[in-house]
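Computed from the coordinates by the stated procedures, all read-outs in this text should not be read as laboratory data. Bear in mind that the values here come from a model prediction, so they are computed numbers and not experimental data. For neighbour counting, all protein chains shown are included, and Cβ atoms are generated from backbone atoms with ideal geometry for every residue, glycine included.
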Amino acid sequence: MSPRDETASTALAPLTIIRTATVLARLPLHNLAKKGRVPIHITRKNVHGEIELYWQVSPNPAYGEPRQLAYKLDTIVIHHTIHTLGRPLPTVLRLGSIAQICRDLEVAISGNGHARIKQALLQNAFVAILAKLRYTATDGTERTLEAGFTRYSVVFTGERRPDGTHADAVYLLLNEPYWEVLNHAPTRPLDYDYLKALAPAAQRCYEIISYKLFAALKYGPPHAQLLYSEYCTFAAQQRSPDYTHVKKQMYKVHKPHVASGYLESVRYEATTDAEGHPDWLMTYVPGPKARAEYAAFNTRPPGLARPRWAPPPPASLQTPR
C-alpha cells in the first residue's frame, strides 16, 4: 500500500454513514450557482418515444429559489434526520431548534442567521415538483411516482401543530407523495462527515458520481464514466460550450475529491450529444478513499443481514444516452 493509500485509509476510520433515497437524491432540486438561474426541467424518453422520466422544479417567487444553504439544509440536516428514523417513517419530523440547525450548518447564531435558515426552510417547503418516473422498490416491486406536489410543510417553534399542540422546535410535515417514496425507495450510503465538509457543488458531485464509482468497484471496469452534459443536467449547473470553460468549471468541482483521495484521476474525451452539440465524456478512476468507502459500506458484522442497497447492474456504466 502506498503512503497515500495508508493516509486515506487511516483518515477514513471510522466512517459516519448516512443513507439517502436513490430515487430522489439523483434528481436536482436546488440551484447551486451563486448567481443566475438554471431551469430544472428534465424529460427523458425511451426508444418508443414514451416519457420515462419527467422532472420539473418550480420555485415559489415569494421565497426565492432554493440555493446553496437550502441544499445544505436538505442534505445535511433533513436527510440525516430521515436516516436516523428508519422505516416506516413518521409523517412528522422534529428537526430541532433554529439555533441547533445553525450550528449543524455552521451559520452564525444571530438574527440574520435565524432569518437565513427560516428562508431556506420555506424555499424548500414551497418549491413545486411535477414528476413522472418509475422505480424499483426495496421489496422488488415496480412503483410509479406521477404527481405535482411539494415535499413537506414546515412548522416553526411556537406555531400550532396539526394535533393542536404548540411546536417546541422546527417540525416538518411530510406530504404523501414524498413520504411514499422515502418509505419504499432503495437507499445508498454516503460518508456523512465527508458530505458535510464539502462545498455545495463538490457535494453534489459526490452524490452523483458515488453511485457510478461503487458500481465500477463491484462489477468493473475499474473506472466510471459520465457525460459532462449529464452531469450539468443532474447537478443543475450551467453547461459550457467550450473545453476551456468546461475544464475550469469541473476542476473546481473535482479538486477536493482528488485532494481527499476519493478520485485518483479524471480525464476528458471530446464527443457530441444527441443534437450534435459539443460534449465531453468524463472518466473517473476511484482513489483509495472511494475504495475504502466501498469496503466499509459493504462490510457487515456477523449475523447482520446485508442492507438492501446494492449498486446497479453493469449496464449503468454505459455512457448515458
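Shape verdict for region 6-118, please, from the Cα gyration tensor: rounded (a/c under 1.5), prolate (a/b greater than b/c) or oblate.
oblate
Taking Lys248 as the anchor, which lysines have their alpha carbon closer than 28 Å to its alpha carbon, excluding any fewer than eight residues away along the same chain?
Those lysines meeting the cut-off are Lys34, Lys35, Lys72, Lys196, Lys212, Lys289.
Below 8 Å, C-alpha to C-alpha, sequence gap of six or more: please give me the relative contact order for the chain in percent.
Answer for the chain is 21 percent.
Rounded to the nearest 20 debye, what is the charge dipole size of region 1-144 about its Cα centre when +1 sits on each Lys and Arg Cβ and -1 on each Asp and Glu Cβ?
400 debye
Using only alpha-carbon positions, what ratio does the radius of gyration of region 189-243 give when scaled by 2.2 N^0.38 Å?
The value comes to 1.25.
So what is log10(I(q)/I(0)) for region 198-317 at q = 0.12, 0.13, 0.19 1/Å, when the Debye sum runs over its Cα atoms only?
-0.46, -0.54, -1.06
By a straight-distance test (C-alpha under 13 Å), which aspartates and glutamates pair with Lys255 as possible cross-link partners, with residues fewer than eight away in the same chain excluded?
Glu264
Please list 3J(HN,Hα) in residue order for region 20-25, calculated via the Karplus relation 6.51 cos²θ - 1.76 cosθ + 1.60 where θ = phi - 60°; whole Hz, with x for glycine and proline.
With the stated coefficients, region 20-25 comes to 10, 5, 5, 4, 8, 5 Hz.
When averaged across all projection directions, what area in nm² does the alpha-carbon convex hull of the chain cover?
Projected over every direction and averaged, the Cα hull of the chain covers 18.4 nm².
For region 20-184, divide the Cα radius of gyration by the Kirkwood radius and give the resulting Rg/Rh value with two decimals.
Here Rg/Rh amounts to 0.98.
For a quick check: with amide H placed at 1.01 Å from N, whose amide H comes under 5 Å from Leu198's, ignoring anything fewer than 5 positions away on the same chain?
Amide H neighbours of Leu198: none.
Could you work out [θ]222 nm for the chain from helices alone, using -39500 (n - 2.57) per DSSP H run of at least four and dividing by all its residues? Round to the nearest 500 deg cm²/dmol.
Using -39500 (n - 2.57) per qualifying helix, the result is -11000 deg cm²/dmol.
Taking the Cβ-Cβ separation of Leu85 and Phe156 as r and a Förster radius of 25 Å, what is the calculated FRET efficiency to the nearest 0.05?
0.75
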